[in-house]
Amino acid sequence: MSALSCVLVFSCAASAFAEVKVIETESTYLMGDNDSKVDAHRIAVQEAKRKALEQAGTYVESLTAVKDYRLTRDDIKAYTAGALQTEVLSEQVRGTPEHQEIYVRTRCSIDTDVLKAQIENYRKYNVLEDQLKASYKENENLKKERDRLVRQLAAQDKSNAGETQKKLDSVLSREEVNDDTNRVWAILGNKLETGEATGSDVQQADLDKAIIVLENAVRVNPKNQRAHYLLSSIYQQNGNPTAAENQLRTAIKSQPSNPATHMKLGMLLREDGRYQEALKEFHFVERLRPHYMPAVFFVGMTFKDMDKCGKAVQNLNRVLKDKRVDTYPRKKEAAGRAIEECGGARPGRQRHLKQG
C-alpha cells in the first residue's frame, strides 16, 4: 500500500458553493538494479503528485480571486501544495523481470473555498505564511536530493548501495510526512487558528487522527515546524496546555528564529496567566517583525491583563491606527474596548487615562 493511501481520511463537509478541481496524473518509474519495489513505488507517487501540483498551480493562477492577491508563481505553488488532497487510484508493475517499471495513477483535488480561506489567513498572519513557504522550499530541496540519490544509486555496485538506499528512504519519508502535514493543515489548520474549532466543524475523532499523523511527522522529521505548531494547537484544543507548550518549545529549540512558534507560545503563556513570559515571546516577535500587528495587539492586551494601562493603551492605540486593522475586526473591537476599560481614549478622542 502506498504511503499516501495510508493517510487518514478526515470527516469534512464541503461547502455547497465550493468548486472542487479534480486532476488525475500518472507517473512511471523504471527500476534499476539497486531499486526496491517499495521505494520505486514511493518515487512514482511523488512524481505523480508533482505533476498534479504543476497542473493545479496553473489552474489556481487563472482564478480571478487569486489574481487579485498578486501572488508570485512560487507563492501560488506553496498555497496550492498546502490545499491539495491526493489519493492513489491504481498501481501496476510493468515491463519484464529484468527491466521492471512501476506505474502509478493518482487523483488530486483542490477545494477553492479551502484555498481562498488559507490565502486570506496566511496573508493576515504572515508568520504562518513563512512556515508554509519554508515547507514548500524544503520539499523542493528534498526533490533535488532525491534525484541526486537516485542517480548515485543507479551508478553504484549492488554491494555498495546500502548507505545510499538508507539516505533515499530518509528523503522519501520526509517528503511524505510533509505531504501529510499539509493535508492535516488544509483540513484543520484554519479552523484551529481562527478560533472556529467548535461544534460540528471539527470532530474529536478528526483531532485524534490528526495527532497520529502529526506525531509520526515529528518522529520522522523532528524539525518539522508546521507539524509541531499544529500539534500544539490540537493539544491546546484538547485541554492539554502542557503538551502544547512542549511542542512549541521543541520547535523553538530546533529553529529559534521562527516567529510563528514564539507567537503561539506567547499566546499560550498569556492564557495561562504567565504574563511576563508571554511578553518576552511577543517582544521577540516584534524584534523580528517590527510592524506585525498581532504581536503589538497581544503586547497591549497582556499589559492590560497586568493592570498596566498606560503601556496597554500605548500599544493598543498603535493597533487602531494601523491601516490594516480593518482586516482584524475582532482584534479591532477588543483593542477599542480594552482602551475604554482602561479609561483611555481611542485615536481621535481625548479622555483621562489611568496610569500603569
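For 316, 279, 115, 30, which order do you get if you count the other beta carbons within 10 Å of each Cβ and list the fewest first? Before the final figure, lay out each step's value.
Working: 316 30, 279 20, 115 25, 30 14.
Sorted ascending by nearby Cβ count, the order is 30, 279, 115, 316.
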Original post:
Among 146, 287, which comes first, then next, by fewest other beta-carbon atoms within 10 Å?
Top reply: 287, 146
**OP:** Using only Cα atoms, find the angle between the long axis of helix 241-254 and the longest principal axis of the chain, and express it within 0 to 90 degrees, rounded to the nearest 10.
**Re:** 70
Original post:
Expressed in nm to one decimal, what extension gain is obtained for the pair residue 242 and residue 337 from 0.36 nm per residue of sequence separation less their Cα-Cα distance?
Top reply: 31.1 nm
Subject >> Entries in 49/166; 191/323; 51/137; 133/223 that, when Cα-Cα distance is taken, lie over 20 Å >> reply: 49/166; 191/323
Original post:
Okay, which of segment 122-139 sit inside 14 Å, backbone N to the point 7 Å along the Cα-Cβ direction of residue 223?
Top reply: 134-139
**OP:** Let me know the charge dipole size of the chain about its Cα centre in debye, to the nearest 20, where only the beta-carbon of Lys, Arg (+1) and Asp, Glu (-1) is charged.
**Re:** 1740
Original post:
Listing 219, 174 from the residue with the fewest other Cβ atoms within 10 Å to the one with the most, what is the order?
Top reply: 219, 174
Original post:
Mean residue ellipticity at 222 nm from the helices of the chain, using -39,500 (n - 2.57) per DSSP H segment of n ≥ 4 over the full residue count, to the nearest 500 deg cm²/dmol?
Top reply: -20000 deg cm²/dmol
**OP:** Compute the Cα gyration tensor for segment 71-173, then decide on rounded, prolate or oblate, letting a ≥ b ≥ c be the square roots of its eigenvalues: rounded whenever a/c is under 1.5, prolate when a/b is larger than b/c in the other cases, and oblate in all that remain.
**Re:** oblate
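Relative contact order for the chain using alpha-carbon pairs under 8 Å, separation at least 6, rounded to a whole percent?
On the way: 470 pairs, mean separation 43.9, N = 356.
Computed over the chain, the figure is 12 percent.
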**OP:** Using θ = phi - 60° and the Karplus relation 6.51 cos²θ - 1.76 cosθ + 1.60, list the HN-Hα couplings for segment 73-79 in order, rounded to whole Hz, with x at every Gly or Pro.
**Re:** 5, 5, 4, 4, 5, 5, 4
Subject >> Theoretical FRET efficiency, 1/(1+(r/R0)^6), r = Cβ-Cβ of residue 203 and residue 101, R0 56 Å, to 0.05 >> reply: 0.85
Original post:
On a 0 to 90 degree scale, rounded to 10, what angle separates helix 126-155 from the longest Cα axis of the chain?
Top reply: 20
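Here, each number is a calculation from the coordinates, and none is a lab measurement. Keep in mind that this is a model prediction, so the values were computed, not measured. Counting neighbours? That spans all protein chains shown, and the Cβs are built from the backbone with ideal geometry, glycine included.
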